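What follows is one structure encoded as structure tokens, with my remarks underneath.
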2 protein chains.
Amino acid sequence: MARHDEPGPAPAPALTAGWLDAVRWNADGLVPAIAQEQGSRDVLMVAWMNREALAATAARGEAVYWSRSRGRLWHKGEESGHVQKVHDIRLDCDGDVVLLTVSQLGHEPAAPSIACHTGRHSCFFQRLEGQHWRSVEPVQKDPELIYR
Amino acid sequence: MARHDEPGPAPAPALTAGWLDAVRWNADGLVPAIAQEQGSRDVLMVAWMNREALAATAARGEAVYWSRSRGRLWHKGEESGHVQKVHDIRLDCDGDVVLLTVSQLGHEPAAPSIACHTGRHSCFFQRLEGQHWRSVEPVQKDPELIYR
């Protein structure tokens, strides 16, 4: 976050764009963003975006989220290589949830794509069965090999 | 909320179930729930659930959300007739987002289903085009006819 402590240019024009004002940011200035895979139409993950992240996502055509744990912008795939190419950005009726249509990149050809930090295709791999959550998706790649 | 003011039986066993403890409820005791349509695989909407709503959803096999505006449980379709039959409940890797696979009921046969209070199929009908959100889904039914 060092750049916020240094004198610098005014915010990029993209951050003052009117379409960003249509989003109903929560008290922390964030909005949840769903990434849905083009083709399979699987819901891959949900992460947070702030104004800067959404503007960056639209500008570069790749998903950029706000990492709450790291307190900084997170260009998805910056460490894992699992970049998300963005085809479509939608906003819901209340303006408080974003839906991205993405191509999930960076995995082995002919293997399922990997969106989850656990090495699975989708983050939604826990299925309620009776009174238990059961993991129903295989790990495609050992996370230690993804984040080394 | 009257029932909370009246003496009554202890909380139903379902509310103390261990699988509900696996959910990472936010500071308000809520978790966002995505409803994805079986068949079309369209993402229809996102709403909030508290512990009671998620337990009720699992127990009755129909989506029950927590209405923040009304401050009460909201059995989706209770006014509109647009009930969501739930086939599958998933939890993401962090335990803080729920994904439902649903059949969206209550619409005219052979017409698209209606999940949105605006009378549209999906709540995600605003598409970012250049610097503007454009409404790209038709209203299937006048909301005044839905909520009369």
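The values are calculated or read from the model by the stated rules, or taken from the named source; none is laboratory data. Note that the structure is predicted; figures quoted are calculated from it, not measured. We place every Cβ from the backbone using ideal geometry, glycine too, and count neighbours over all the protein chains shown. Please note that ligands, DNA and RNA were not included when accessible areas were found on the heavy atoms of the full protein model with its side chains. Shrake-Rupley method; radii C 1.70, N 1.55, O 1.52, S 1.80 Å.
Cβ-Cβ distances below 7 Å connect the following pairs, each with a first residue in segment A:36-54 that is in contact (Cβ under 8 Å) with a residue 40 or more places away in the chain, a second residue that is in a strand (DSSP E or B) and open to solvent by 50 Å² or more (accessible area, probe 1.4 Å), and a separation of six or more residues or different chains: A:Gln38/A:His87. If you go through segment B:54-73 and keep only what is more than 14 Å from chain A (Cβ to nearest Cβ) and in contact with a strand residue (DSSP E or B) (Cβ under 7 Å, 6 or more places away or on another chain), you end up with B:Glu62, B:Val64, B:Trp66, B:Leu73. Screening B:Ser40 against (1) under 19 Å from B:Gln140 (Cβ atoms); (2) more than 9 Å from chain A (Cβ to nearest Cβ); (3) hydroxyl-bearing (Ser, Thr, Tyr) leaves a single unmet condition, (2). Within segment B:122-148, the set of residues being assigned to a loop (DSSP other than H, G, I, E, B), within 11 Å of another protein chain (Cβ to nearest Cβ) and in contact (Cβ under 8 Å) with a residue 24 or more places away in the chain comprises B:Ser122, B:Cys123, B:Phe124. Residues that are among the basic types (Lys, Arg) and over 12 Å from B:Ala35 (Cβ atoms): does segment B:105-126 have at least one? There is at least one residue in segment B:105-126 that is among the basic types (Lys, Arg) and over 12 Å from B:Ala35 (Cβ atoms).
Scan segment B:15-35 residue by residue and report those that are within 11 Å of chain A (Cβ to nearest Cβ), open to solvent by less than 20 Å² (accessible area, probe 1.4 Å) and without any contact (Cβ under 8 Å) to a residue 60 or more places away in the chain. Result: B:Ala17, B:Trp19, B:Leu20. Of the residues B:Gly119, B:Gly81, the single one that is at positive phi and either away from chain A (no Cβ under 14 Å) or surrounded by fewer than 18 Cβ atoms within 10 Å (Cβ to Cβ) (or both) is B:Gly81.
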